[in-house]
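Everything on this sheet refers to the single structure shown next.
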Amino acid sequence: MNVLVINAGSSSLKYQLINVETMKLLAKGICDRVGSEESSHKHGIDENEVRINTHMANHDEAMQVVLETLTSGPMKAIDSLDEIDAVGHRIVQGGKYFDHSVIIDDDVIAKIDELSELAPLHNQAALSGIRACQKHMPNVPMVAVFDTSFYQTLPPKAYMYALPYELYEKYDIRKYGAHGTSHRYIAERAALFLDEQMDDLKMITCHLGNGCSVTAIDHGQAVDTSMGMTPLDGLMMGTRCGSIDPAIVTFLMEHEHLTPAEMDNLMNKKSGLLGISGISNDLRSVRDASEHGNPRAQLAYEMYSNSVKKYIGQYIAVMGGVDVIVLTAGVGENCKKMRRMIFQGLQPLGIKIDEQRNAMTKGEREISSDDSAVRVLIIPTDEEFMIARDTYELVHERVDSAGIDFNEDVFSIAGTN
Ligand code: ADP
């Protein structure tokens with residue numbers, strides 16, 4: 001079964017075509033800056049990647065470009081659209097409705113639309129992707145995989161905000177979390193790496209990319225996470241401020257005469273590493289500047305590591321200990337200096353990093369020392385794999401009678417690459 005995984009952002013459309021029986025990645029690419037004059041399309045795996053400047057006015061046109069590239073021309077991966085058996089869509093906000101992935105029908109579409117208020121850019125983009133697929137592949141089953149569903153196990157004491165309770169009842173204001181598909185993936189892979197069951201472990205998973213989040217997973221269930229009602233909360237990020245004293249919001253709106261939209265823009269786009277360093281949202285640039293003596297870059301770097309360290313401490317307290325800490329995404333997977341700073345001083349909590357292991361660069365690996373009470377792992381994330389797996393499982397349930405040989409073990413041992 002071939003699953004097309006679609007991750008539609010506000011101005012991008014990422015895709016992967018995965019054969020789930022062999023776990024072979026057949027094609028992947030990204031349509032960037034959709035809707036602008038500079039829109040472009042990158043297609044191909046690793047060194048075979050090519051960039052094609054193609055004008056795409058909207059997600060529908062981007063989808064058309066993707067399907068044409070997959071089925072025709074020198075880069076084609078399949079002969080016709082008939083070889084796409086199912087589509088899995090990444091959806092950022094599933095709100096209170098979805099605690100697991102679902103087959104997309106009219107009701108699911110209506111709910112994703114309704115939840116747009118909580119993730120305006122993301123959910124509308126996902127809907128554009130869904131509608132484009134419906135138009136170009138009307139008979140292909142589609143599955144929605146929600147970033148938030150992993151967090152539906154959070155207890156009320158973790159997801160409630162200490163605001164008047166009526167506001168929760170009126171607006172569903174509560175913590176929903178984000179990056180759930182990534183946290184779920186790295187937690188499962190980490191358990192396999194250790195030859196343990198997730199149900200036997202206290203885990204802290206850290207997704208450190210442009211967006212950043214930390215999750216506490218107690219015996220297989222997410223019990224707390226750093227992102228909140230929106231993906232602005234929690235850790236300091238590339239351009240997002242993360243948690244700040246809420247009184248700063250009203251103070252700045254008053255003194256800088258900012259509208260809600262301007263305040264939102266300041267916190268989402270102008271803060272974080274970029275806001276503090278004044279240089280970049282990219283940790284590599286901030287690191288380089290700090291190593292050349294730029295004090296604001298140095299400060300940004302220290303604040304970032306401190307922000308992760310504090311969440312690790314919190315979640316050790318929440319779970320009464322931790323067995324394994326897992327790091328992933330651009331920073332977590334690649335930046336040994338940041339990892340060193342995050343774990344510096346945590347030896348009294350039983351966390352010891354082996355510097356030689358920390359310097360290793362590729363694949364799933366352990367960076368804690370042999371005498372560390374807590375295992376620290378790096379697991380490269382693969383959200384597309386999780387989306388393909390959920391899609392396969394749900395569609396397979398529906399077409400069970402068609403006789404597809406379903407083998408759950410495939411997914412417990414394989415990665416997509
Ligand atoms: P996104 O959330 O956009 O998917 P990524 O997971 O790609 O983000 O992470 C992007 C971040 O990872 C950037 O801050 C980038 O600087 C950082 N990063 C990527 N590679 C390295 C590296 N080798 N060393 C340090 N930071 C890195």
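The values are calculated or read from the model by the stated rules, or taken from the named source; none is laboratory data. Here the structure is a predicted model, which is why all the values come from computation and not from measurement. As a convention, Cβ positions derive from the backbone with ideal geometry for all residues, glycine included, and neighbour counts pool all protein chains shown.
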Seminar exercise, completed: Filtering region 227-263 down to residues that are without any contact (Cβ under 8 Å) to a residue 24 or more places away in the chain and acidic (Asp, Glu) yields Asp245, Glu254, Glu256, Glu262
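With respect to Ala317, is the statement that it is free of Cβ contacts under 8 Å to residues at least 24 places away in the same chain and small (Gly, Ala, Ser) true? It would help to see each step written out before you state the result.
Working: free of Cβ contacts under 8 Å to residues at least 24 places away in the same chain: yes; small (Gly, Ala, Ser): yes.
It is true that Ala317 is free of Cβ contacts under 8 Å to residues at least 24 places away in the same chain and small (Gly, Ala, Ser).
Among the residues of region 272-283 satisfying the criterion of being within 18 Å of Pro295 (Cβ to Cβ) and of a type outside the set (Val, Ile, Thr), which is nearest to the ligand (Cβ to nearest atom)?
Narrowing region 272-283 to residues within 18 Å of Pro295 (Cβ to Cβ): 272-280, 283.
Keeping just the survivors that are of a type outside the set (Val, Ile, Thr) gives 272-275, 277-278, 280, 283.
Details: Gly272: 10, Leu273: 7, Leu274: 10, Gly275: 14, Ser277: 11, Gly278: 16, Ser280: 8, Leu283: 4 Å.
Only one residue fits best here, namely Leu283.
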Seminar exercise, completed: (1) modelled with pLDDT of 95 or more; (2) within 16 Å of the ligand (Cβ to nearest atom); (3) more than 14 Å from the chain's Cα centre (by Cα) all hold for Cys212 apart from (3)
For this session: State which residue is surrounded by the fewest Cβ atoms within 10 Å (Cβ to Cβ) when the search covers only region 148-183 and only residues that are of a type in the set (A, V, I, L, M) and more than 23 Å from Ala388 (Cβ to Cβ).
Result: Ala162
For this session: Select from region 133-147 the residues that are crowded, with 23+ Cβ neighbours inside 10 Å and either touching a residue at least 60 places away in the same chain (Cβ under 8 Å) or assigned to a strand (DSSP E or B) (or both) and write down the one among them that is farthest from the chain's Cα centre (by Cα).
Result: Cys133
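Could you name every one of the helices (runs of 4 or more DSSP H) located completely within region 341-417 that has at least 2 residues being of a type in the set (Val, Ile, Thr) and modelled with pLDDT of 95 or more? Outline the logic, then answer.
Values: elements: 355-358, 383-398, 408-413.
Helices (runs of 4 or more DSSP H) meeting the threshold: 383-398.
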For this session: Kindly list, by first and then second residue, each pair from a residue in region 78-94 that is without any contact (Cβ under 8 Å) to a residue 40 or more places away in the chain to a residue that is among the β-branched types (Val, Ile, Thr), limited to pairs with Cβ atoms under 8 Å and residues at least 6 apart or on different chains.
Result: Asp79/Thr71; Ser80/Thr71
Exercise. Any residue at all in region 284-294 that is touching a residue at least 40 places away in the same chain (Cβ under 8 Å), within 12 Å of the ligand (Cβ to nearest atom) and touching a Gly at 6+ places or on another chain (Cβ under 7 Å)?
Worked result: no
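Could you list, in sequence order, all residues of region 24-58 that are of a type in the set (D, E, K, R) and in a loop (DSSP other than H, G, I, E, B)?
Just the residues of region 24-58 that are of a type in the set (D, E, K, R), to begin with: 24, 28, 32-33, 37-38, 42, 46-47, 49, 51.
Residues satisfying the conditions are Arg33, Glu37, Glu38, Glu49.
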Problem set entry | Matching residues in region 68-86 - criterion: being in contact with a Ser or Thr (Cβ under 7 Å, 6 or more places away or on another chain) and outside any loop (DSSP other than H, G, I, E, B) | Thr71, Leu81, Ala86
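Could you please let me know if Glu302 is of a type in the set (Asp, Glu) and away from the ligand (no atom under 14 Å from the Cβ)? Let's see the steps before the verdict.
Details: of a type in the set (Asp, Glu): yes; away from the ligand (no atom under 14 Å from the Cβ): yes.
So Glu302 fits the description; yes.
Yes/no per residue for (1) touching a helix residue (DSSP H, G or I) at 6+ places or on another chain (Cβ under 7 Å); (2) surrounded by 14 or more Cβ atoms within 10 Å (Cβ to Cβ); (3) closer than 30 Å to Ala373 by Cα:
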{"site": "Pro295", "(1), (2), (3)": "no, no, no"}
{"site": "Gln298", "(1), (2), (3)": "yes, yes, no"}
{"site": "Val318", "(1), (2), (3)": "no, yes, yes"}
{"site": "Lys336", "(1), (2), (3)": "yes, yes, yes"}
Exercise. Here are Ala216, Ala178, Ala191, Ala162: which of them is touching a Pro at 6+ places or on another chain (Cβ under 6 Å) and of a type outside the set (Ser, Thr, Tyr)?
Worked result: Ala178
